[in-house]
Amino acid sequence: MKRETIRLENIAKSFGKLTVLDEVELTIYESEFITLLGPSGCGKTTMLRIIGGFERPDSGRVIFNGRDITELPPNRRPINTVFQKYSLFSHMNVEENIAFGLRIAGKDEGYIRSKINYALKLVNLEGSEKYDVTKLSGGQQQRIAIARAIVNEPKILLLDEPLSALDLKLRRNMRSELVRINRETGITFVFVTHDQEEALSMSDRIVVMNQGYIQQIGTPEQVYNEPENAFVADFIGDSNIIDGIMVRDKLVKIFGREHACEDTGFPPECPVDVQIRPEDITLGEPSEDSFNGIVKKVVFWGMSYDIIVEADGFEWLVQSIHGREVGEEVSITFDPYNIQIMSKPQSEDEEAAQDV
């Protein structure tokens, strides 16, 4: 059974007239890697700062292991933070940076030395104790910031977009390193990003946010393959989102044509959003039994092509390892199990919460 570490209860936060978090509820479990994902301004960093004690919610409670810590200052919480800017002390070398918090806490030098050695081994920087931090690369500085946070043995490590300043190759390498450190230490990681690829590749669970609301919580597979609304479907990867009518269970109407699907539980003749991922579409020769269209644009990405096909007044995005010619007539087909049916917003408030 999963053990709860942090629980946010009805957290609300506004800055002036701007509501940043609207009665958010979230439970975070021991040792998990959970990612807060969403566009700029969605509230994810404010939520992180409330967990860390850097912001106080207007209402609601922060519960740690059953104890209310809402009023507890950051230095009294069993939580450390790695910020986007690593904030290393430029006048201190590597070991002095890592040891700073331990010396403030009054730990003896033998203990400090053992923790420095442990932390540097964990982040694969053994032997760098005397290095000047200003001469290190961005990736190395980030590892030192993580080491400095980990030596204090926090129960929770907050990471506020720590990979954003790195180049693409280094970001990808650091993703696997962060997952490894999470697994080896058992520390709960709460990671903030707007990068969908980061979230999908690293997380045990993803919390998708928009305009102060949690849109969906689930595993990477759940939020990608089973989005709960059009915002999640569009934000997590590429999608074709189409207006449809749910004729009955396992039958949806798209552009006037009935098509089998796997979804059930919707009222008959219910308006729905229909999601079809571009990689799930097959292009072929035009036929009476398929959607037919004209290729409008082709972009080569090295391993695959993005192909825009205009059909029934809609521009379909198709991703394929096979290219097509602009102006070519093609058919669009997809299997029933690759169609995801989503409820449309039922109120103006719900629609506003899903708008990007």
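The values are calculated or read from the model by the stated rules, or taken from the named source; none is laboratory data. Computed from a predicted structure; not experimentally measured. Every residue, glycine as well, gets a Cβ built from its backbone with ideal geometry; the counts of neighbours run over all protein chains shown. Ligands, DNA and RNA are excluded from the accessible area calculation, which covers all protein heavy atoms including side chains. Shrake-Rupley method; radii C 1.70, N 1.55, O 1.52, S 1.80 Å.
Note that the range 137-150 has calculated 3J(HN,Hα) couplings of 6, x, x, 5, 4, 4, 5, 5, 4, 5, 4, 4, 6, 6 Hz, one per residue in order, obtained from phi through the Karplus relation 6.51 cos²θ - 1.76 cosθ + 1.60 (θ = phi - 60°); glycine and proline are x. Quick one, which of (i) 1.30; (ii) 1.18; (iii) 1.06 is the actual Cα Rg over 2.2 N^0.38 Å calculated for this model? Among (i) 1.30; (ii) 1.18; (iii) 1.06, the one calculated here is (ii). Each residue of the range 196-210 was assigned a 3J(HN,Hα) from its phi angle through the Karplus curve 6.51 cos²θ - 1.76 cosθ + 1.60 (θ = phi - 60°); the sequence is 5, 5, 4, 4, 5, 8, 10, 8, 6, 9, 10, 9, 8, 10, 7 Hz, with glycine and proline shown as x.
Residue-wise HN-Hα couplings along the range 96-108, as the Karplus relation 6.51 cos²θ - 1.76 cosθ + 1.60 with θ = phi - 60° gives them from phi, are 5, 5, 5, 7, 3, x, 5, 5, 4, 7, x, 6, 6 Hz; Gly and Pro carry x.
What is the sum of charges, Lys and Arg at +1 and Asp and Glu at -1, for the other residues whose Cβ falls under 10 Å from the Cβ of Val295? Walk me through the intermediate numbers first.
Details: positive: Lys296, Lys297, Arg324; negative: Glu310, Glu325, Glu328, Glu329.
Computed value for this residue: -1.
Size descriptor for the range 295-337, Kirkwood hydrodynamic radius: 10.9 Å (Cα pairs only, one decimal).
Counting only heavy atoms of the protein chains, get the accessible area per residue of the chain (1.4 Å probe) and round it to a whole Å² value. Walk me through the numbers before you get to the answer.
On the way: 17520 Å² over 356 residues.
Per residue, the chain has 49 Å² of solvent-accessible surface.
In the range 1-81, which GluC sites (Glu not before Pro) fall in coil by DSSP and have 12 or fewer other Cβ atoms within 10 Å? Mind showing how you got there, number by number?
Values: sites: Glu4, Glu9, Glu23, Glu25, Glu30, Glu32, Glu55, Glu71; in loops: Glu30, Glu32, Glu55, Glu71.
For GluC sites (Glu not before Pro) across the range 1-81 that sit outside H, G, I, E and B with at most 12 neighbouring Cβ atoms in 10 Å, the list reads Glu71.
Counting only residues at least eight positions apart within a chain, or on another chain, the lysines with an alpha carbon under 18 Å from that of Lys250 are Lys344.
Taking the centroid of alpha carbons for each part, the range 228-242 and the range 263-307 are 13 Å apart.
Applying 1/(1 + (r/R0)^6) with R0 = 22 Å to the Cβ-Cβ distance of Phe314 and Glu258, what FRET efficiency is obtained, to the nearest 0.05? Result of the calculation: an efficiency of 0.85. The residues packed around Cys270, meaning those with a beta-carbon under 15 Å from its beta-carbon, carry a net charge of -2 if Lys and Arg are +1 and Asp and Glu are -1.
Would you calculate, for the chain, the mean residue ellipticity at 222 nm contributed by helices, counting each DSSP H stretch of 4 or more residues as -39,500 (n - 2.57) and dividing by all residues, to the nearest 500? Don't skip to the answer; put the middle values down first.
Numbers: 9 runs with 91 residues, N = 356.
The helix contribution divided over the chain gives -7500 deg cm²/dmol.
Express the carbon and sulfur contribution to the solvent-accessible surface of the chain as a percent, rounded to the nearest whole number, probe 1.4 angstrom. Walk me through the numbers before you get to the answer.
Numbers: 8220 of 17520 Å².
Whole-percent figure for carbon plus sulfur exposure: 47.
Kindly state, to the nearest 0.05, the FRET efficiency for Phe89 paired with Thr27, given R0 = 30 Å and r defined as their beta-carbon distance. The value I calculate is 0.25. Summing charges over neighbours of Arg56, with a neighbour being any other residue whose Cβ is under 10 Å away from its Cβ, gives -1 when K and R count +1 and D and E count -1. Highest-first packing order for the peptide set 245-257, 306-318, 153-165 is 153-165, 306-318, 245-257, based on the mean count of other beta carbon atoms within 10 Å. Modelled label positions at Asp167 and Asn124, each set 7 Å beyond Cα in the direction of Cβ, lie 1.7 nm from each other.
For Glu32, the residues whose amide H sits under 5 Å from its own are Phe189, ignoring neighbours fewer than 5 places away on the same chain, with H placed 1.01 Å from N.
Explain nothing, just the number: relative contact order of the range 282-333, from Cα pairs under 8 Å at least 6 residues apart, as a whole percent.
Details: 116 pairs, mean separation 24.8, N = 52.
Once normalised by length, the contact order is 48 percent.
Across the chain, the mean sequence separation of Cα contacts (distance under 8 Å, 6 or more residues apart), normalised by length, yields a relative contact order of 15 percent.
Report the calculated FRET efficiency for Leu72 and Arg180 (r = Cβ-Cβ distance, R0 = 41 Å), to the nearest 0.05. Display every interim value, and only then the final one.
On the way: r = 31 Å, r/R0 = 0.74.
The value I calculate is 0.85.
For Lys169, the aspartates and glutamates whose Cα falls under 15 Å of its own Cα, not counting residues fewer than eight places away in the same chain, are Glu177, Asp195, Glu197, Glu198.
Looking at the chain, the DSSP beta bridges with both ends there are about 75 percent antiparallel.
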